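Here, each number is a calculation from the coordinates, and none is a lab measurement. Being a predicted model, the structure only gives us computed values, none of them experimental. Neighbour counts run over all protein chains shown; Cβ positions are idealised from the backbone, glycine included.
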Amino acid sequence: MGKKGLLLVNLGSPVSPSNTDVKAYLTEFLSDQNVVTLPKWFWQPILRGMVLPMRTWRSATFYQHMWTKAGSPLTAYTEIMQQKVQQILADWDVQYAMNYGQPRIVDVLRQMHQNGDSDIVVIPLFPNYTQSTHDTIIEKVQASGVKTHLVKNFDDQPTYRQILARQVDDAYAKKDYDAVIFSYHGIPMSMVKKGDPYPQECVATTQGVQKYLRKVPAEKVQTVYQSKFGPMPWLKPYLKNTLMELAAMGKRSVLLVTPSFVEDCLETLEENNVQNYQTFKASGGNTFDAVKPMNGSDDFCQFLADLSVKQLSEGAD
């Protein structure tokens, strides 16, 4: 019998914050038809003629702001998670791969199989299922030809909700906040209309975490969505609009929770800490704090390890 295996899958990141590498990453990401569902014949000329020339330099600037000695924060924290979970599951083979960029899901799974890993669990590092994050991962896992046990989502796991609730309580206790906003990555309304369960899962996550909150009054909590891309309608309410409305109502002290992001990345470090912070301040807001993502915390890595063991013991597919 070979070792048991665990593959942690994250979104991915450019190799470097240079325009060339960011353009290559964005091209792969925005060409994924699970992300942008428009027909290729229609979308590709727009992507290459308008979107990439405008978006590449802007995104590259954001990546340059947040780049660290260890590289992209998303990649660095994913590596930390992999190493910590490997220490907990000492007799397993724990690896990571990226949905876009390197290391590739198909390559890593095939290598694990060649190394003799017998039962392989795959955990996408996105708590809530949606087509735009999960379906391409599922397709690539299937394309590898390696039999796996895939964890489709973990937003409903009590331990995950308890960890998140502790983080929120700890942050909330430090100041007097007028509002606690749970902000999830948005998806287009076109996906929702086709039956994507994501919005229900997000609302259920907020409500589930609230049951474990000890310090935050229920009336201060609300659920919103961020990171809208393109002109079409996305899930509402939008985070940016909500921030402006709160400030206009005199609620000038806000605590932001971002369950969609288990590590710091472009959306937390640039979109929230810079752009949304500036929007809130310009609208009259005073305090804009964010609860840190899991970022490879001991509790979260233990949860991932336990979830993997549970997945195999239940024999789920």
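Per-structure values
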{"item": "Rounded to 5, percent antiparallel among DSSP beta bridges of the chain", "result": "5"}
{"item": "Cα lying deepest toward the dipole's positive end in the stretch 158-290, options L266, M244, Y277, charges on Cβ", "result": "M244"}
{"item": "Gaussian network model of the chain, Cα within-10 Å springs - most flexible of I105, I120, I80", "result": "I80"}
{"item": "Full-stretch length increase - N115, Y212 - with 0.36 nm per residue and alpha-carbon distance subtracted", "result": "30.7 nm"}
{"item": "Of K152/K220; K3/K147; K194/K220; K3/K84; K220/K240, those spanning more than 22 Å from alpha-carbon to alpha-carbon", "result": "K152/K220; K194/K220"}
{"item": "Burial ranking of peptide ranges 179-190, 254-265, 88-99 (average Cβ count within 10 Å, highest at the top)", "result": "254-265, 179-190, 88-99"}
{"item": "Listed residues Q302, L312, S253: farthest to the positive end of the dipole of the stretch 238-317 (Cβ charges)", "result": "S253"}
{"item": "Residue-span extension gain [Q33 to Q142] - 0.36 nm each, minus C-alpha spacing", "result": "37.6 nm"}
{"item": "Antiparallel DSSP beta bridges within the stretch 158-290, as percent of all bridges there, nearest 5", "result": "5"}
{"item": "Reachable lysines from K193, criterion Cα separation under 20 angstrom, eight or more residues apart if same chain", "result": "K228, K236"}
{"item": "Cβ-derived FRET efficiency at R0 41 Å, K292 paired with M189, nearest 0.05", "result": "0.85"}
{"item": "Label zone at A70, where the point sits 7 Å out along the Cα-to-Cβ direction: the stretch 289-303 residues whose backbone N lies under 17 Å", "result": "292-302"}
{"item": "Partners for K175 among aspartates and glutamates (Cα-Cα distance below 20 Å; same-chain residues under 8 apart left out)", "result": "E219, D289"}
